[in-house]
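A short write-up of the structure that comes next.
The values are calculated or read from the model by the stated rules, or taken from the named source; none is laboratory data. Nothing here was measured: the structure is a model prediction, and the numbers come from that model. FYI the Cβ positions are ideal-geometry reconstructions off the backbone, even for glycines, and counts take in every protein chain you see. Accessible surface areas use protein heavy atoms only, side chains included; no ligands, DNA or RNA. Shrake-Rupley method; radii C 1.70, N 1.55, O 1.52, S 1.80 Å.
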Amino acid sequence: MPAPEFIPFARPDIGQAEIDAVAHALRSGWVTTGPEARAFEQEFAAYLGGGVQAVAVNSATAGLHLALEAIGVGPGDEVIAPTLTFTATVEVARYLGADAALVDVDPVTLNIDPARIESAISPRTKAILPVHYGGLACDMAAIHAIATRHGVQVVEDAAHALPTTHQGALIGQLASAVTVFSFYANKTMTTGEGGMVVTRDAALAERMRIMRLHGISRDAFDRFQSRTPAWYYEVVAPGFKYNLTDIAAALGRVQLTRLPAFVERRQQLVARYRDGLQDLPLILPADAPPGEVHAWHLYVIRLADEARVTRDEVIQALSDAGIGTSVHYVPLHRQPYWRDRYGLKSEQFPVAEKAYQRMVSIPLFTAMSDSEQERVIAALRAAVR
Ligand SMILES: *Cc1c(COP(=O)(O)O)cnc(C)c1O
């Protein structure tokens with residue numbers, strides 16, 4: 001019998017329309033940041049609504065760096081973030097000479113625990129960096145209340161949260177200083193590599209636009225399209241090289257039009273996982289409150305206390321059945337750099353620690369077929385019995 005085809009943990013959903021749009025950008029004679037990137041920014045801002053401005057960047061990591069720079073994070077400052085996230089959330093603080101105060105998460109949502117934020121606030125705290133884990137909104141009402149009370153900023157790592165709502169409003173529209181989305185290959189929409197930074201604050205948007213391109217006050221497209229001399233520009237700061245190409249933006253514009261269908265497919269797949277797995281000794285991921293949207297970037301199952309197999313055994317069984325999985329995340333307090341820099345101990349993060357020991361992210365992507373999903377369910381049922 002031939003081995004069944006491998007089901008990856010994630011696979012991007014790229015169709016002919018994306019291929020045509022990229023080919024069009026390639027043939028247009030303008031491949032770097034230009035009309036496609038500008039249109040992508042406008043369409044993304046319009047999608048979110050609420051009068052936000054959007055700044056396209058070549059990764060969410062770049063966007064987080066620009067956001068922290070723009071709100072004035074610098075040497076000696078501290079940002080508060082969950083330990084259960086990707087290192088990009090906090091590495092950008094170190095780029096600026098600031099430090100990360102890592103805190104534990106909520107046992108139900110696995111989102112940053114507001115009570116832990118409150119106890120981590122110090123005179124050095126400059127910002128809170130909530131991460132909408134898996135696509136479920138953090139308790140932003142509580143987080144904004146803490147931020148206001150202590151006079152600190154909020155920068156949302158919304159890499160998983162397109163589209164996600166909190167109290168009826170899309171993430172990106174809330175009262176945070178800046179919100180950062182990712183278009184990495186496995187996110188809910190992709191540009192290969194890319195990201196979008198969103199703010200309502202015109203001064204922050206302007207600073208991030210300038211720092212995105214070498215600290216130059218006019219971008220190349222402006223310079224070559226405008227009637228004033230193209231050769232003249234002014235460098236006003238030592239900026240970065242974080243602009244998104246028109247090739248990537250052309251891909252992103254098509255993906256954005258497909259986002260409603262992507263969300264619907266993810267919701268269908270999640271409902272099928274719930275039906276197929278709910279009688280097993282597993283903790284299935286928390287749903288959004290009634291009426292709210294969960295982006296379902298990830299489907300993270302946890303072995304319940306009564307389960308008789310380990311996380312590693314489940315991962316091995318799925319791998320033997322030709323199914324890719326992942327773990328989101330090895331908590332930052334376990335990563336050598338962060339652990340050693342701050343002398344962190346696992347006992348300080350009991351919730352993230354227990355979740356980490358028992359969690360597996362199983363395949364969830366819009367291009368997954370029903371029969372592929374049935375194979376995942378059957379393999380998981382056999383693995384945990
Ligand atoms: C993917 C991801 C990032 C980084 O996004 P890039 O676009 O790859 O830079 C940051 N934070 C979280 C939580 C992510 O999942």
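Taking LYS241 as the anchor, which lysines have their alpha carbon closer than 28 Å to its alpha carbon, excluding any fewer than eight residues away along the same chain? Hits, sequence-local ones excluded: LYS126, LYS187. Taking every Cα-Cα distance in the chain and sorting them into 10 Å bins from zero, the calculated P(r) comes out as 5, 23, 31, 25, 13, 3, 1, 0 percent.
Nearest 5 percent is fine: what portion of the DSSP beta bridges confined to the chain is antiparallel?
60
Take every pair of alpha-carbon atoms less than 8 Å apart whose residues are at least six positions apart; their mean separation over the length of the chain yields a relative contact order of 22 percent. Taking every Cα-Cα distance in region 259-384 and sorting them into 5 Å bins from zero, the calculated P(r) comes out as 2, 10, 19, 21, 18, 14, 10, 6, 2, 0 percent.
Averaged per residue, region 16-256 has 37 square angstrom of accessible surface, using a 1.4 angstrom probe with ligands and nucleic acids left out. Summing Lys, Arg as +1 and Asp, Glu as -1, what charge do residues with Cβ under 11 Å from the Cβ of VAL180 carry, VAL180 excluded? Within the 11 Å Cβ shell, the charges total -2.
Helical content of the chain, expressed as a calculated mean residue ellipticity at 222 nm, amounts to -12500 deg cm²/dmol (DSSP H runs of 4 or more residues, -39,500 (n - 2.57) each, divided by residue number, nearest 500). Here the accessible area of the chain is 54 percent carbon and sulfur, with a 1.4 angstrom probe and all protein chains present. For the chain, the longest principal axis of the C-alpha atoms and the axis of helix 246-277 are separated by about 20°.
If you fit an axis through the alpha-carbon atoms of helix 60-70 and take the longest principal axis of the Cα set of the chain, what angle between them do you get, 0 to 90°, nearest 10? Long axis of 60-70 versus the principal axis of the chain: about 50 degrees.
Between 0 and 90 degrees, the angle of helix 202-212 with respect to the longest Cα principal axis of the chain falls at about 90 degrees. Shown is the FRET efficiency for GLU264 and TRP231, computed with R0 = 45 Å from the Cβ-Cβ distance and rounded to the nearest 0.05: 0.35.
Within the listed set ALA101, ALA67, ALA158, the residue fluctuating most in the Gaussian network model of the chain (springs between alpha-carbon atoms under 10 angstrom) is ALA101. Length gained on full extension, ARG308 to GLU206: 31.2 nm, using 0.36 nm per residue less the C-alpha separation. Mean separation of Cα pairs under 8 Å and 6 or more residues apart, divided by the residue count, gives region 259-384 a relative contact order of 33 percent. Cα centroids of region 157-223 and region 286-355: 27 Å apart.
Multiplying the sequence separation of ARG272 and ARG381 by 0.36 nm and subtracting their Cα-Cα distance, what value in nm do you get? Present the calculation step by step, with values, prior to reporting the outcome.
On the way: separation 109, 0.36 × 109 = 39.24 nm, distance 1.36 nm.
Result: 37.9 nm gained on full extension.
Extension gain for LEU284 to GLU347 (0.36 nm times residue separation, less C-alpha to C-alpha distance): 20.2 nm.
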